[in-house]
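What follows is a set of notes on a single structure, which appears directly below.
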Amino acid sequence: MLNFNGEFEINSDIERAYNILSDYNNLIKLIPDLIEYHIEENRLKITAKAGVSFIKGKFNLEISYGNNIDNKRIEITAKGSGSGVSVDFKAYFDYSGNNPVNVKYSADVNIAGAAAAAGSRMIKGSADKYINRLISNYRQAAEN
């Protein structure tokens, strides 16, 4: 299992910052290399380009929200697979302050298959780059 955590600020009010990440229609705009998506009752199904080192391809993920607390916490769970790899994760986003909003995140990620054989250091490096792209997209959406 890999663990990711960190924090960042968004120059926005807390309600806007929260609403962008807690709504599937807004969340899809943040996902890098999104190919397609379908919003169903309580979940989001996406296909996106992803990869680690030489293992690249399309990933299919099913994303759902957990026990969200308005303007305080968002819980996102996802399961999926692609290119001989399966992944599942649970991520938490905690909000505090207002203009700027402080966002603390943590995620527990399980990866199985060919990518797992590539080694956790390589996976972590690729995942960190992807997380930074997500944060950049999130900031841009909330601040504009």
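The values are calculated or read from the model by the stated rules, or taken from the named source; none is laboratory data. Predicted model, so just to flag it, every value in this text is computed and none were measured. Counting neighbours? That spans all protein chains shown, and the Cβs are built from the backbone with ideal geometry, glycine included.
In table form, for the structure just shown:
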read-out	value
Top-ranked residue of segment 53-87 - restricted to ones that are within 16 Å of the chain's Cα centre (by Cα) and aliphatic (A, V, I, L, M), ranked as modelled with the lowest pLDDT	Val87
Scan of segment 98-142 for residues that are basic (Lys, Arg), at pLDDT 90 or above and closer than 16 Å to Asn5 by Cβ, ordered by number	Lys104
Matching residues in segment 88-106 - criterion: being closer than 25 Å to Asn42 by Cβ, in contact with a helix residue (DSSP H, G or I) (Cβ under 8 Å, 6 or more places away or on another chain) and aliphatic (A, V, I, L, M)	Val103
Test set (1) under 16 Å from the mean Cα position of the chain (by Cα); (2) modelled with pLDDT of 95 or more; (3) not basic (Lys, Arg) - Ser12 fails condition number	(1)
